[in-house]
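Report on one structure; see the data block that follows.
The values are calculated or read from the model by the stated rules, or taken from the named source; none is laboratory data. Being a predicted model, the structure only gives us computed values, none of them experimental. Cβ atoms come from the backbone with ideal geometry, glycine included; neighbour counts cover every protein chain shown. Note: accessible area is taken over every heavy atom of the protein model, side chains too, but ligands, DNA and RNA are not part of it. Shrake-Rupley method; radii C 1.70, N 1.55, O 1.52, S 1.80 Å.
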Amino acid sequence: MVRGGRWAVLCVAMLTLAGCGQAEYGAGSGAGSGAGFESAQELPEKLGKDGTTILVGDPDARVTVRLYEDLRCPVCEEFETTGGARALRKAMIDGQVKTEYTLASFLDDRVGGSGSKKAANALRAALGEGRFVEYHEVLFANQPEESVDGYTTANLLELADEVEGLRGPAFDTAVKTMKYRTFVTASEKAYERAGGAEEPEGPGTPTAVINGKRITVEYYGMLFDNKIFDALLQQIYDTPGSWKNTRL
């Protein structure tokens, strides 16, 4: 539970349980108001030193969001297209939040096929072209039904046409040959390790860890409410100590 029920944004997130009333933050305040970037296309992106984490945003940003996602996961699609990812993207553009992506691919084994692996490989190839952010958004906006395994090589190349400057011999070859197969395997292993002893198969997707603190099941719903997630990021930016000391 939240300590004392006093932290406004978490109080609002669990309004029906805590009965806290209205938030004290300004509506539509956004997660950042300082200098940032003109658009998502300008966000810095690179592969982390661990070889599996994809880093997006200002490396000096005060707030770090680590996301675990499987490209075939329909709940990830909900987060990315209608949920808190919109607030997260704005916060990154504002320069106050950076995101660390770990791409899982466990759904291929659970429901059959190879779409998760192929999509993760294609995203790694897009990173090599400096187009991870744009392609990541396009893939989730065009996610096939989970059971269909629609992220085929042809589909991934077709969707890449929607990202200016992405298609080319290097990208196309990487997608066709699964050039980054080792990255895909290592990323899945990193996802599984994130679950620890209690969740040896991984923590589930999407999972968000903000400044080292994981959003637990009790508060999972805030990931899918853009206004609440926006307020959460704002509150963490404004009072990082409160977040650190909040029990979830």
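Restricting to segment 96-121, give me the number of residues that are under 16 Å from the mean Cα position of the chain (by Cα) and of a type outside the set (S, T, N, Q).
Final tally of qualifying residues: 8.
For segment 54-89, what are the residues that are open to solvent by 20 Å² or more (accessible area, probe 1.4 Å), in contact with a helix residue (DSSP H, G or I) (Cβ under 8 Å, 6 or more places away or on another chain), charged (D, E, K, R) and part of a loop (DSSP other than H, G, I, E, B)? Reasoning before the result, please.
At the first step, the residues of segment 54-89 found to be open to solvent by 20 Å² or more (accessible area, probe 1.4 Å) are 55, 58-60, 62, 64, 66, 68, 74-75, 77-78, 81-82, 86, 89.
Still in the list and also in contact with a helix residue (DSSP H, G or I) (Cβ under 8 Å, 6 or more places away or on another chain): 58, 62, 68, 74, 77-78, 81-82, 86, 89.
Checking which are charged (D, E, K, R) leaves us with 58, 62, 77-78, 86, 89.
Answer for segment 54-89, where residues must be open to solvent by 20 Å² or more (accessible area, probe 1.4 Å), in contact with a helix residue (DSSP H, G or I) (Cβ under 8 Å, 6 or more places away or on another chain), charged (D, E, K, R) and part of a loop (DSSP other than H, G, I, E, B): Asp58, Arg62.
Just name the residue that is most open to solvent (accessible area, probe 1.4 Å) out of those in segment 219-248 that are in contact (Cβ under 8 Å) with a residue 40 or more places away in the chain and farther than 22 Å from Arg89 by Cα.
Of everything passing the filter in segment 219-248, Arg247 is most open to solvent (accessible area, probe 1.4 Å).
Which one of Thr207, Thr216 is under 27 Å from Ala61 (Cβ atoms), among the hydroxyl-bearing types (Ser, Thr, Tyr) and surrounded by fewer than 17 Cβ atoms within 10 Å (Cβ to Cβ)? Don't jump to the end; show me each part of the working.
Details: Thr207 fails: surrounded by fewer than 17 Cβ atoms within 10 Å (Cβ to Cβ).
One residue alone meets the criteria, Thr216.
Out of Leu127, Leu107, Leu103, Leu139, report the one residue that is crowded, with 21+ Cβ neighbours inside 10 Å and more than 21 Å from Gly202 (Cβ to Cβ). Break it down into steps so the answer makes sense when it comes.
Values: Leu107 fails: more than 21 Å from Gly202 (Cβ to Cβ); Leu103 fails: more than 21 Å from Gly202 (Cβ to Cβ); Leu139 fails: more than 21 Å from Gly202 (Cβ to Cβ).
The unique qualifying residue is Leu127.
Looking at segment 114-123, can you tell me whether even one residue there is open to solvent by 40 Å² or more (accessible area, probe 1.4 Å), in contact (Cβ under 8 Å) with a residue 12 or more places away in the chain and assigned to a helix (DSSP H, G or I)?
Looking through segment 114-123, at least one residue is open to solvent by 40 Å² or more (accessible area, probe 1.4 Å), in contact (Cβ under 8 Å) with a residue 12 or more places away in the chain and assigned to a helix (DSSP H, G or I).
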